[in-house]
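Peer 1: Here it is: the structure, laid out below.
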Amino acid sequence: MTLTKNMRLDQCDPENIAFAEFLLEVGSKPEEKVKLSSSVDRCKDVKELISKLYPSLGTSNQVSPEELTERIILSARNDDVNDINMEAMNILDGETFTYLAAERLHPDESGIIPNYSNEFLQNLNLPGMPLFRLNLKIGCPIILMRNLSPSEGICNGTRLLVTKCGKHVLQAKILTEHKAGETVLLPRISFQPSVSELNINMTRRQFPARVAYAMTINKSQGQSVKYVSIDLKTPVFSHGQLYVALSRCTAANRIIVLLEDKAEEPETTNIVFPEVLL
């Protein structure tokens, strides 16, 4: 079975019909470069990318929960996502609360605890693990990284708004899904990456969240929002990423892109492996 209709787009709008056809080509044709739709807005740097998507950020009004629910910045790499989130956090008014993780090394198969420096462990930034240093402000959005209580809407991928930063727990308001608007408390939990992935047997205890003005394209799968900014200054690197990023939005004219530094034409890298589509 092949899906051919984009249910996120308003199919009554001729421009969106054309954009839906463009998305099908992006998702199925193995072209190295694709020209973006003329309705897609462009910006020149990360600051403009943030200000166009979150115009209220840093003003007396600040960004409302409703705006945070319907807006997101996407990027292909975790490091770029962290940089964008840090830039947005610097714009947000208010006190910064810093939470440091507790880390512990475990013996290997021979019973020996490896000798890694604290600096090395603290700089590890793995997918699915929180940062060693988590900086938060009241009013910033976060995304959960673990299922804590699915029945209460506290699931992996849920976006929330930080409302109070305590010493031992975070208080936050759910922004998405069926429990939107409800207030929850988030504790610290332990994360243990697989030894095969990291080759280090360790545990990191931290709040299961990351700042979520921006998120990775892979993490955004399954979500639909009204406005999307896409950081493409570092091109996508795996099958279908460009399609996923562009198709998160519900209208073509509400997409903003940041392209590679030397890009003069509105085009970007696309990666499609036809064998995956068979």
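Peer 1: Which net charge results for the neighbourhood of Glu67, defined as the other residues with beta-carbon distances under 15 angstrom from its beta-carbon, given Lys and Arg at +1 and Asp and Glu at -1?
Peer 2: On the way: positive: Lys52, Arg71, Arg159, Lys173, Lys226, Arg254; negative: Glu66, Glu70.
For residues surrounding Glu67, the net value is +4.
Peer 1: How large is ³J(HN,Hα), in whole Hz, for each residue of segment 243-251 in order, when computed from phi with the Karplus curve 6.51 cos²θ - 1.76 cosθ + 1.60 and θ = phi - 60°, using x for Gly and Pro?
Peer 2: Coupling constants for segment 243-251: 4, 4, 4, 5, 8, 6, 8, 9, 7 Hz.
Peer 1: What translational D, rounded to a whole number of µm²/s, comes out for segment 102-174 from Stokes-Einstein when the hydrodynamic radius is the Kirkwood one over Cα pairs, at 25 °C and 0.890 mPa s? All intermediate terms of the calculation are to be shown ahead of the outcome.
Peer 2: Working: Rh = 14.7 Å.
D = 166 µm²/s.
Peer 1: Counting only helical runs of four or more DSSP H residues, what would the 222 nm mean residue ellipticity of the chain come to if each run contributes -39,500 (n - 2.57) and the total is spread over all its residues? Please report the intermediate quantities before stating the final value.
Peer 2: On the way: 8 runs with 61 residues, N = 278.
-5500 deg cm²/dmol, from helical runs alone.
Peer 1: Using 1/(1 + (r/R0)^6) with R0 = 30 angstrom and r between the beta carbons of Glu70 and Leu126, what's the FRET efficiency to the nearest 0.05?
Peer 2: On the way: r = 30 Å, r/R0 = 0.99.
That pair, Glu70 with Leu126, gives E of 0.50.
Peer 1: Per q in 0.10, 0.17, 0.18 1/Å, what log10 I(q)/I(0) does a Debye calculation on the alpha-carbon atoms of segment 1-160 return?
Peer 2: Computed log10 I(q)/I(0) values: -0.60, -1.25, -1.31.
Peer 1: Taking 7 Å along the Cα-to-C-beta vector as the label spot, tell me the Lys47-Ile17 distance in nanometres, rounded to one decimal.
Peer 2: Output for this residue pair reads 4.3 nm.
Peer 1: Just for the chain, what percent of DSSP beta bridges are antiparallel, to the closest 5? Numbers along the way, then the final one.
Peer 2: Numbers: 31 of 47 bridges.
Looking only at bridges with both residues in the chain, the antiparallel portion is about 65 percent.
Peer 1: Which pairs in the list Lys173/Lys226; Lys33/Lys173; Lys33/Lys137; Lys35/Lys219 are over 32 Å apart, alpha-carbon to alpha-carbon? Intermediate results must be reported in sequence, preceding the final value.
Peer 2: On the way: Lys173/Lys226 20 Å; Lys33/Lys173 41 Å; Lys33/Lys137 39 Å; Lys35/Lys219 24 Å.
Beyond 32 Å: Lys33/Lys173; Lys33/Lys137.
Peer 1: Could you work out the pair-distance distribution P(r) of segment 170-262 from its alpha-carbon pairs, with 5 angstrom bin width and percents rounded to whole numbers?
Peer 2: Percent of pairs per bin, in order: 3, 10, 15, 16, 17, 14, 16, 8, 2, 0.
Peer 1: Which residue fluctuates most in the GNM of the chain (Cα springs below 10 Å): Pro127, Pro107, Pro65?
Peer 2: Top of the fluctuation ranking is Pro107.
Peer 1: Still on this structure: Quick check: residue separation of Glu31 and Ser56 times 0.36 nm, minus the Cα distance between them. What number comes out in nm?
Peer 2: Details: separation 25, 0.36 × 25 = 9.00 nm, distance 3.78 nm.
Gain on stretching Glu31 to Ser56: 5.2 nm.
Peer 1: Say a paramagnetic label sat at a point 7 Å from the Cα of Phe237, along Cα to Cβ; which residues of segment 179-218 have their backbone N under 17 Å from it?
Peer 2: Correct set: 197-198, 215-218.
Peer 1: Between segment 151-189 and segment 210-244, how many Å separate their Cα centres?
Peer 2: If we compute the Cα centre of each part, the gap is 22 Å.
Peer 1: Apply the Karplus parameterisation 6.51 cos²θ - 1.76 cosθ + 1.60, with θ equal to phi minus 60°, to every residue of segment 32-44 and state each ³J(HN,Hα) to the nearest whole Hz, in sequence, with x for glycine and proline.
Peer 2: With the stated coefficients, segment 32-44 comes to 5, 10, 10, 7, 7, 4, 5, 7, 7, 7, 10, 9, 9 Hz.
Peer 1: Report, by chain and number, residues whose modeled amide H sits under 5 Å from the one on Leu175, excluding near sequence neighbours (fewer than 5 apart, same chain).
Peer 2: For Leu175, the qualifying residues are Arg159, Leu160, Leu161, Gly181.
Peer 1: Okay, moving on. Please report, as a whole percent, how much of the solvent-accessible surface of the chain comes from carbon and sulfur atoms (probe radius 1.4 Å). Kindly include the intermediate steps, with their values, before the conclusion.
Peer 2: Working: 7240 of 14490 Å².
Here it works out to 50 percent.
Peer 1: Between Ile112 and Ile271, with labels modelled 7 Å along Cα→Cβ, what's the label distance in nm to one decimal, could you check?
Peer 2: Taking the simple label geometry, Ile112 and Ile271 are separated by 3.6 nm.
Peer 1: Volume per residue, Å³, of the convex hull around the alpha-carbon atoms of the chain? Intermediate values should be presented prior to the final figure.
Peer 2: Numbers: hull volume 46.2 nm³, N = 278.
Hull volume over Cα atoms, normalised by residue count, gives 166 Å³.
Peer 1: Below 15 angstrom from the Cβ of Asn82, what's the summed charge of the other residues (Lys, Arg +1; Asp, Glu -1)?
Peer 2: Numbers: positive: Arg77, Arg133, Arg210, Lys219, Lys233; negative: Asp79, Asp80, Asp83, Glu87, Asp231.
Net charge in that neighbourhood comes out at 0.
The values are calculated or read from the model by the stated rules, or taken from the named source; none is laboratory data. If you're wondering where the values come from, they're calculated on a predicted model, not measured in any experiment. Note that we place each Cβ from the backbone using ideal geometry, even for glycine, and neighbour counts take in every protein chain shown. Surface accessibility is based on the protein's heavy atoms, side chains included, excluding ligands, DNA and RNA. Shrake-Rupley method; radii C 1.70, N 1.55, O 1.52, S 1.80 Å.
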